[in-house]
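What follows is one structure encoded as C-alpha cells, with my remarks underneath.
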Amino acid sequence: MDAIFLQILNGLDKGGAYALIALGLTLVFGTLGVVNFAHGAIFMIGAFCAVTLEKILTLSVRVKDESVTFFDAYKETPYLEVWFGDTGTAIIDWSVPLSIILAIPVMLAIGVIMERALIRHFYKRSHAEQILVTFGLAIVLQELIKSFFGANPIPQGAPEIVAGSANIGAWIGLGESVVYPWWRLIYLLFSTIIIGLVFSFLHFTTYGMVVRAGMADRATVELLGINIERRFTIVFGMAAVVAGLAGVMYTPVLPPDYHLGMDFLVLSFVVVVVGGMGSLPGAVLAGFLLGILQSFSSMTEVKDIFPGIDQIIIYLVAVVILLTRPRGLMGRRGVMES
Amino acid sequence: MSNTQIVSPKQDLIYMVVLSVVVLTMPIWLQPFGAAYPDLMQKFMIFGIFAIGYNVLFGLTGYLSFGHAAFLGVGSYTAVWSFKLLSMNVLPAMIFAVALSGLFALLIGYVSLRRSGIYFSILTLAFAQMSYNLAYSVLTPITNGETGLQLTQGDARVLDRMAGIEASAALPTPNLFGIEGIGYSGFYICAVLLIISFFIYLRIFRSAFGLKLRAIKSNQNRMGYTGYNTRPYLMTAFVISGMYAGLAGSLLAVTDPLAGAERMQWTASGEVVLITILGGAGTLIGPLLGAGIIKYFENIFSAFNDQVLQNAFSFLPDWLGHAVASVAGLFVGDGWHLTLGLVFMLIVIFLPGGVMEGITRLWRLVRSRTTSFDGNKKEQQPSTREV
C-alpha cells in the first residue's frame, strides 16, 4: 500500500513534467498546425535559465578569511554575501524559485522570436519539413548550450527550507514510513497551478476565447477582422514559457545537461500522440497517466514478471493507442487522421 | 530532375560505369583533399549505403522514418555475433545481418505502416527507442549493455576452427576469404558493396515498382482510387531500406568489430535523415553526395582545435584574431554538430531538394545565361518538374 501510494506520487510528479511540455507542444500544434521538434530544447533552455541565474548570483570575490589568524587565508565569497550578508545568502539559496522571474520574459522572447523568424515560414509547408527544420533548430540550440555550459550535468539545489522530505504518511494515516521530498511535492503543485492557469486563460478570458475560436476555424476568425496570426504568436510564446518554467522547476529534481531536451522531447511527443494531437485536456491526461504507468512499471514486483518493462512501457502504450485509436485518447475528429 | 523521362539502358550503364570509376579511384582523387585514408573512405561507403537505403523509403515514398538506427544496430549486433560464433569471414556476417534486419523491418513495418504522416514518424521513433532501451537493459546477455559487444580470444568461431584457422595471440580481424576487412582492402570491399547496392537501387528506381513508390509520395489517396493497395508496396520499400541499413551496420562491425547500443539511439536515426536531406531526397546520387559531404566535413571540422584556429587567424591584429578565433571555435572541433545543425536548417529552409537541387538550379541558371547570350530566344519549355 505504501509503495503503491509512493509510486502514484512519483508518477504524478513525472507526469507533471510530461504534461507541461506536452501542453505547449499540443497548443502550438492546435493553433499553428506546426509540429515542433524544438520544444524539448525550449524545456532545456528553461532549465539553463536557472543555471544561469545561479551562476550570476554566486559571482564571487576573494575575501580574506578572518577566522584564520595564523596566516593570510582567502576564500571565495559571493558578492551578494559581501554586500547584503545573510539576506544575500538567502537570495542565493532561493535561486531556483527566483529563476522563474528571469525565465518568464526570457522564454517569452525566445518563443516569439522563434515563431516570427522561423516557424512562420513553415505554416504552409509539409509536416515532414516542419519536423526537419525544428529538428535542426533543436540540434543548434542544444549545441549552443553545450558550448557555453559544458557537457556535464549541473546540479541545482532546492531552497534549504524545502530540501528535506515531507512526512506524508503521518498526514493521511499511513504511518511514519511514507516520506516524500518536499520539492517534488512543490513541483506537482506548481505544474497543477500552471496547467490550471493555461486552461483558465483559454476558457475565461476573451483573448483565450478568440484563440480557441481560431483553433476551431481560423479562416472565419480572420474574416471577422481579427489579427489571429499575432495572437497565435503570443500563444507560441506562452507555450515556450510553460515549457521553460517546467524546465526551471525541474532542475532540483534532475540536474540539467544539454541533451535533457532531446530526452524529454521523444517522451512528450509520445504523450501528445497518446492524448490526441491538438487536444489540451488529452495532453494533460496522457501526461499524468503515462507518468504513473512508468513509475508503476519500475516497481521491482512488476519488473520480476516483465523484465525491462519500465524501459519500454511508454512506447508500448503509444504503439497500442496509435493502432487501436489513432485519434488518441481525446483527439478531435479529423485532426491529422488518415 | 529527369525521373519521369524514359531513360535508355545505355544511359544507366554509363551511370554505373562512371560511378564505379569514381568510387574505385577514390584513393587517388581524394589525395589532394587529404581524405584518402581507408577509415574515412570506408565511412563514406558505409553511410552511403545507409543513406541509399533510407532514400528508398523516404526519398521515394515520402514516409519519414525516425527509427532507422534500430536496423543499423541490429545489423551490427548480428555481424559481431556471427564473428563470435561462426567465422571471421565477412560474408556470413553480412548475410545474417541483412536477413535479420530485414525480418526486424518486416515486424516494425507491419505495425508502423498502418499509419502515415507524423504518426508513422512517431511509431518508428517509438520502436527504435524501445530497441535502444532494451539493448541497454534487459537484452544485456545479447548486447553486452553499455560496454558494447566485442570479440574475445575464447569465442567459438565454429567454422574457422573447422577450417583449421586458429586464432593467434592477437584478436582475429574480419576478412573476406583472407582479404583483410580493414585498410585499403577493407575499403575496396565496402566500395564494391556500395556499387552493388547502388545498382540495385538504380533498378528499383527505374522499375515499375519504383514508379509506384513515387506515386505514393505524390498522392497516396489517388493511388488508392486507381485500385492499388499501397501497403504491400510500402512494406516492401520499408523492408528493403531496413536491409540496406542492416548491411551498413554489418560493415560498421567489419571495420571495427564492436557493437554498441548508442548506434540505435534516435539521434543516430536523425543523422541518416540529415544525410539524405542534405544530399537530396528522392534523387539518384543525392544520398551518396550527402554521406560524402557530411562525413568529410565531420572529419575536417572535428580535427580543428583552438591552436589551429589561432594560427589560421594570426594574420589579423592580435585582439581581433582572438575574437574571431573564439567565435569560429564554436563551430569546429566539438562544435561540429552546431555547424551541421545550422547547415541543415539552411538547407531545409532555402533548398528543400538538397545539394542536388542546388546543382540543378545552378545548371539551369548557367544554361539560360548562355542561351540568352547567344540571342537564342527559344520558347522556354515549361519545366515538367515532378513534385
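Every residue, every condition in (1) in a helix (DSSP H, G or I); (2) more than 22 Å from the chain's Cα centre (by Cα); (3) of a type outside the set (A, V, I, L, M), yes or no:
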| position | (1), (2), (3) |
| --- | --- |
| A:K75 | no, yes, yes |
| A:T89 | yes, yes, yes |
| A:I104 | yes, no, no |
| A:M114 | yes, no, no |
| A:R120 | yes, yes, yes |
| A:F135 | yes, no, yes |
| A:Q142 | yes, no, yes |
Only unsatisfied item for A:V320, checking (1) modelled with pLDDT of 85 or more; (2) buried (at least 20 other Cβ atoms within 10 Å of the Cβ); (3) within 12 Å of chain B (Cβ to nearest Cβ), is (2)
Determine whether the range A:251-258 contains at least one residue that is closer than 30 Å to B:L139 by Cβ, in a helix (DSSP H, G or I) and within 14 Å of chain B (Cβ to nearest Cβ).
-> no
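Just give me the residues in the range B:333-359 being among the aliphatic types (A, V, I, L, M) and within 11 Å of chain A (Cβ to nearest Cβ), in sequence order. First the steps, then the outcome.
Just the residues of the range B:333-359 that are among the aliphatic types (A, V, I, L, M), to begin with: B:338, B:340, B:342-343, B:345-349, B:351, B:355-356, B:359.
B:L338, B:L340, B:L342, B:V343, B:M345, B:L346, B:I347, B:V348, B:I349 - these are the residues of the range B:333-359 that are among the aliphatic types (A, V, I, L, M) and within 11 Å of chain A (Cβ to nearest Cβ).
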Exception for B:L107 within (1) farther than 27 Å from A:F264 by Cβ; (2) more than 12 Å from chain A (Cβ to nearest Cβ); (3) surrounded by fewer than 23 Cβ atoms within 10 Å (Cβ to Cβ) falls at (2)
| query | Does the range A:1-20 contain any residue that is closer than 18 Å to A:G111 by Cα, in contact with a Gly (Cβ under 7 Å, 6 or more places away or on another chain) and in contact (Cβ under 8 Å) with a residue 12 or more places away in the chain? | reply | no
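If I ask for residues that are of a type in the set (F, W, Y) and either more than 10 Å from every other protein chain (Cβ to nearest Cβ) or in contact (Cβ under 8 Å) with a residue 24 or more places away in the chain (or both), which ones from the range A:100-149 would you list? So that I can check it myself, show each step before the final result.
First, the residues of the range A:100-149 that are of a type in the set (F, W, Y): A:122-123, A:135, A:148-149.
Across the range A:100-149, the qualifying residues are A:F122, A:Y123, A:F135, A:F149.
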Scanning the range A:31-71 for residues that are over 27 Å from A:A240 (Cα atoms), among the β-branched types (V, I, T) and not in a loop (DSSP other than H, G, I, E, B), the one nearest to the chain's Cα centre (by Cα) turns out to be A:V61
Do we have any residue at all in the range A:285-292 that's among the β-branched types (V, I, T), free of Cβ contacts under 8 Å to residues at least 60 places away in the same chain and at negative phi?
no
Of the candidates A:P252, A:P281, A:P307, the one satisfying the condition of being of a type outside the set (D, E, K, R) and in contact with a Pro (Cβ under 9 Å, 6 or more places away or on another chain) is A:P252
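Just a yes or no: is a residue in the range B:294-316 in contact with a Pro (Cβ under 8 Å, 6 or more places away or on another chain) and more than 12 Å from B:I49 (Cα to Cα)? I'd like the intermediate steps shown before the answer.
Within the range B:294-316, the subset in contact with a Pro (Cβ under 8 Å, 6 or more places away or on another chain) is none.
No, that holds for no residue.
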* Verdict on B:V158 being within 22 Å of B:Y77 (Cα to Cα), more than 14 Å from chain A (Cβ to nearest Cβ) and at pLDDT below 80 -> yes
> Out of all the residues in the range B:351-362, is one or more at pLDDT below 85, surrounded by fewer than 18 Cβ atoms within 10 Å (Cβ to Cβ) and touching a strand residue (DSSP E or B) at 6+ places or on another chain (Cβ under 8 Å)?
Replying inline: no
* Report yes if A:A163 is surrounded by 13 or more Cβ atoms within 10 Å (Cβ to Cβ), modelled with pLDDT of 85 or more and either at negative phi or among the acidic types (D, E) (or both), otherwise no. => no
Of (1) surrounded by fewer than 17 Cβ atoms within 10 Å (Cβ to Cβ); (2) modelled with pLDDT under 80; (3) outside any helix (DSSP H, G or I), A:A151 fails just (2)
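Taking the range A:71-82 only, how many residues are out of contact with any strand residue (DSSP E or B) (no Cβ under 8 Å at 6 or more places or on another chain) and buried (at least 16 other Cβ atoms within 10 Å of the Cβ)?
Filtering the range A:71-82 for residues out of contact with any strand residue (DSSP E or B) (no Cβ under 8 Å at 6 or more places or on another chain) gives A:71, A:80-81.
Those left that are additionally buried (at least 16 other Cβ atoms within 10 Å of the Cβ): A:80-81.
Qualifying residue count, the range A:71-82: 2.
Select from the range A:166-188 the residues that are among the aromatic types (F, W, Y) and under 24 Å from A:T52 (Cα atoms) and write down the one among them that is surrounded by the fewest Cβ atoms within 10 Å (Cβ to Cβ).
Here the answer is A:W182.
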Filtering the range A:270-313 down to residues that are more than 12 Å from chain B (Cβ to nearest Cβ) and among the aromatic types (F, W, Y) yields A:F288, A:F296
In the range B:129-143, residues that are free of Cβ contacts under 8 Å to residues at least 12 places away in the same chain and either within 10 Å of chain A (Cβ to nearest Cβ) or farther than 21 Å from A:D304 by Cβ (or both) total 7
Every listed condition ((1) out of contact with any Asp or Glu (no Cβ under 9 Å at 6 or more places or on another chain); (2) at pLDDT below 90; (3) under 23 Å from B:L278 (Cβ atoms)) holds for B:V21 save (3)
Among (1) exposed (fewer than 13 other Cβ atoms within 10 Å of the Cβ); (2) within 14 Å of chain B (Cβ to nearest Cβ), A:G85 falls short only on (2)
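The values are calculated or read from the model by the stated rules, or taken from the named source; none is laboratory data. Quick caveat, the model's predicted, so the values are computed rather than measured. As a convention, Cβ positions derive from the backbone with ideal geometry for all residues, glycine included, and neighbour counts pool all protein chains shown.
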